[in-house]
Amino acid sequence: MTSIVCSPNGENVRRGRYACGVALIAVAASFCGEGEARAASSGNVDVQALAELVKAQARQIHDLQARLDLVEKRSTPASAKSSSASAGKPKTAYAATTMVAPAVLPPVVAPPQASSSVVATVNQPVVNEARPTFRIANDSSNMFTTRHVYPLIAAPPGTYGAISAMPSNSSPVYGVESSIPSAARTTTVGGLVLNWGKGLPEFTTPDGHYAFRVRGRVLADYGAAFGSRFGGQNVSRTALRAARIGIEGRARQLSWVFETDFSGNQVQIVSAFATWSDKMAGHLVEYTLGNKFNERGFDGSTGSDQTVFLDRDLVANAILPVKGWYGLGGAYKIFGKSWHVAAQITGDDVNSSNTTNNVRDDLTYELRSHWIPWRSKDALIHLGAWGFYEDVKPAASFSQNVRLMARTDDAFSAYLGPTVPLANSLAGGLELFGIWKNAWALAEGGVRSMKFRDLSGGGRGTEKAASAQTGIFLTGETPNYFAHTGQWATPRVLNPVPDGGVGAWEVAARADWLDASDVPTGARAWTVTLGVNWYLVNYARLMLNYTHAHVSNKTGSYIGETGGNMIGMRAGITF
């Protein structure tokens with residue numbers, strides 16, 4: 001009887017597996033020889049058949065070993081180099097090994113630095129699970145899931161390794177969403193792969209072509225306002241900023257999102273759209289139909305769960321179409337290596353009262369573009385421009401309340417109107433954003449020219465707003481900038497709390513300015529906000545903001561000048 005002990009001998013796991021395979025083949029061959037001899041002497045047909053079966057098994061083992069060698073050569077080239085470079089050097093049992101995952105290119109088109117390596121410091125080899133490819137046009141790229149051991153090392157800014165999920169207002173476009181490294185834990189059930197990196201599991205086919213998951217967000221706020229000379233503005237209360245539940249999925253080039261919001265004691269449809277992705281002249285393009293969040297400025301294009309502060313800046317909140325943040329219509333986007341252009345034509349969103357009244361929609365035409373003219377392994381610069389034109393349906397009057405504190409205090413606002421009805425408006429703005437290592441800075445501004453309906457031929461008014469903000473991750477994370485569309489996404493926490501780490505800590509400051517005094521019964525305002533964000537994991541954070549605001553109103557319940565303060569907090573989770 002033959003006895004075999006297989007061991008990688010602590011030197012090289014692949015060689016150990018190879019040795020085991022060779023040993024098994026030797027045992028099989030020996031058994032086959034003995035079986036044939038017994039069969040020949042006894043004439044027992046069953047023994048001879050068993051010998052042939054063992055031979056076939058030996059051939060299968062040899063074929064599987066050859067395939068394993070081929071997969072390892074393709075998926076872990078850095079491992080082999082590291083092993084050969086370190087040959088002959090003393091090794092420590094708990095020494096950390098730096099592994100470089102293979103470059104990942106989206107099957108559609110490679111965004112800026114998409115081929116840059118995502119680096120992780122681990123105490124054991126990083127496992128890359130290669131999957132079959134799906135091609136659009138002539139692309140051929142591999143998807144993989146990386147199992148990290150924390151803490152990680154920060155990825156270069158603008159790469160997929162710097163974020164952990166797509167922007168919450170985007171659909172999971174194949175080749176883009178699948179290029180973001182997964183957060184590690186996967187389970188296979190009934191032929192489906194369950195990825196647990198986003199809170200709830202995402203169901204994916206092994207080839208990655210089809211995916212489905214439940215999505216949502218819960219943002220619970222508390223705010224305490226004080227210091228205003230008007231008592232009605234000194235409000236302390238809780239509010240559910242968002243309570244959303246929905247689904248998203250993809251089937252190769254088709255992706256979709258449907259999501260409802262239960263905050264504010266009412267149910268509203270927010271995202272309800274489908275996106276088809278393809279290639280045009282070598283560039284990724286997206287065609288979208290449905291009710292979708294609009295691109296408008298840097299902060300204004302970011303979802304409520306991914307903004308740095310409790311509320312967006314005054315450029316986003318003031319330079320806003322009458323229809324609001326969402327609109328039902330069509331959108332087109334085209335992407336280059338370091339730029340994108342988005343165009344959208346929409347009417348009112350699906351929750352508009354026009355669903356029952358026979359009145360036309362407010363028609364809005366929007367355009368936004370961003371460009372990254374320079375980048376390095378530690379820094380980048382983003383330039384952006386946007387604008388919209390709206391043709392407003394006839395209405396009784398026009399009014400706008402621009403919130404200056406968090407959403408727990410609507411009373412402390414800049415009030416515009418009511419005035420005569422608005423006929424149309426034309427708006428535009430610029431963005432300047434930069435990253436250096438774990439710090440970031442953003443400056444943006446916008447202007448809106450409004451034409452009103454009245455008997456004298458139409459009066460006019462202008463709104464102007466500007467914002468400057470900056471922040472830094474104290475724990476070393478790369479700022480969560482999504483270079484594909486030029487906006488905030490979800491950060492990648494290097495050392496999550498559940499894995500024994502301290503999470504990610506970010507401090508930030510912002511100054512905002514608004515001048516709408518040119519609008520009849522307009523207002524002026526400015527604010528300063530300080531914030532601290534603690535990300536326990538990629539998809540959950542606690543926020544603390546302090547805001548001081550000053551406003552001068554010509555109309556509303558609080559006419560005149562006043563100042564005020566607010567301390568706001570939020571517990572948020574996005575899954």
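Quick check on my link table: of LYS323/LYS464; LYS279/LYS377; LYS333/LYS393; LYS198/LYS323; LYS333/LYS437, which ones sit more than 21 Å apart, alpha carbon to alpha carbon? Intermediate values should be presented prior to the final figure.
Values: LYS323/LYS464 19 Å; LYS279/LYS377 28 Å; LYS333/LYS393 27 Å; LYS198/LYS323 32 Å; LYS333/LYS437 29 Å.
In this structure, LYS279/LYS377; LYS333/LYS393; LYS198/LYS323; LYS333/LYS437 lie more than 21 Å apart at Cα.
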| task | Keeping all protein chains in place, calculate the accessible area per residue for region 151-222 (probe 1.4 angstrom), answer in Å². | result | 32 Å²
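Can you tell me the alpha carbon radius of gyration of region 163-574 divided by the globular rule-of-thumb value 2.2 N^0.38 Å?
Numbers: Rg = 21.3 Å, N = 412, 2.2 N^0.38 = 21.7 Å.
My calculation over the Cα atoms of region 163-574 gives 0.98.
Return one whole number: the accessible area per residue of region 225-339 in Å², for a 1.4 Å probe. If you can, show how the numbers build up before the last one.
Working: 4100 Å² over 115 residues.
Accessible area per residue: 36 Å².
Note the full-extension length gain between ALA274 and ALA439 as 0.36 nm times their separation in residues minus their Cα-Cα distance, in nm to one decimal. Walk me through the numbers on the way to the answer.
Numbers: separation 165, 0.36 × 165 = 59.40 nm, distance 3.52 nm.
Length gained, ALA274 through ALA439: 55.9 nm.
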| message | Accessible area of region 434-549 with a 1.4 Å probe: how many percent of it is carbon plus sulfur? | response | 66 percent
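Once fully extended, how much extra length lies between GLN266 and PHE203, figured as 0.36 nm per residue of separation less the alpha-carbon to alpha-carbon distance?
Numbers: separation 63, 0.36 × 63 = 22.68 nm, distance 3.02 nm.
That works out to 19.7 nm of additional length.
Taking 0.36 nm per residue of sequence separation and subtracting the Cα-Cα distance, how much length would be gained by fully extending the chain between ILE567 and LEU432, in nm to one decimal?
Values: separation 135, 0.36 × 135 = 48.60 nm, distance 2.84 nm.
Fully extending the segment from ILE567 to LEU432 adds 45.8 nm.
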| said: At 7 Å along Cα-to-Cβ for each site, give me the label-to-label distance between LYS337 and ASN495 in nm. | reply: 3.7 nm
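The values are calculated or read from the model by the stated rules, or taken from the named source; none is laboratory data. Values in this document were obtained by computation on a predicted structure and should not be read as measured data. Every residue, glycine as well, gets a Cβ built from its backbone with ideal geometry; the counts of neighbours run over all protein chains shown. Each accessible area value is taken on the protein alone, full model and side chains, heavy atoms only, with ligands, DNA and RNA left out. Shrake-Rupley method; radii C 1.70, N 1.55, O 1.52, S 1.80 Å.
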